[in-house]
Amino acid sequence: MTVDGETAVSSATSVDAVLLVPTRWALGFVKTIDNRHLPVADREGVLMSEEAFGHPGMGGSHGFADPRARLSFGYTMNQQGTGTGVNERGQSLIDAVYRALGYSRIGDGGAWYLLPSSP
């Protein structure tokens, strides 16, 4: 965001003023963000593909769409977990779905990628 020609807030990854952890937003939707390098209390991120967009809910729920994967994902539970974003249980379900679709991670990177098949 610019104010009087000066950049006030970057539209790229930045620490959210409410959540106090790095976040990425696009038109009001959350994009993939890898916060695994942060202290345990601040690790709330979400690891999806770069094309995916969605929104976490309080206590671990999450919904997102991934146009390239032709995927929509929704996760709710009958008992709220801790935290304000995707927790380990929810992330493990997201990871399982991407693996089942043939996606993988590159190195220690967080985002899921569909790599070209070998000839």
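Checking each residue in the stretch 83-102 for being hydrophobic (A, V, I, L, M, F, W, C) and assigned to a loop (DSSP other than H, G, I, E, B) picks out 86, 101.
If only residues of the stretch 62-119 that are modelled with pLDDT under 90 and acidic (Asp, Glu) are counted, the one that is surrounded by the most Cβ atoms within 10 Å (Cβ to Cβ) is 95.
The values are calculated or read from the model by the stated rules, or taken from the named source; none is laboratory data. The structure displayed is predicted, hence computed values, not measured ones. FYI the Cβ positions are ideal-geometry reconstructions off the backbone, even for glycines, and counts take in every protein chain you see.
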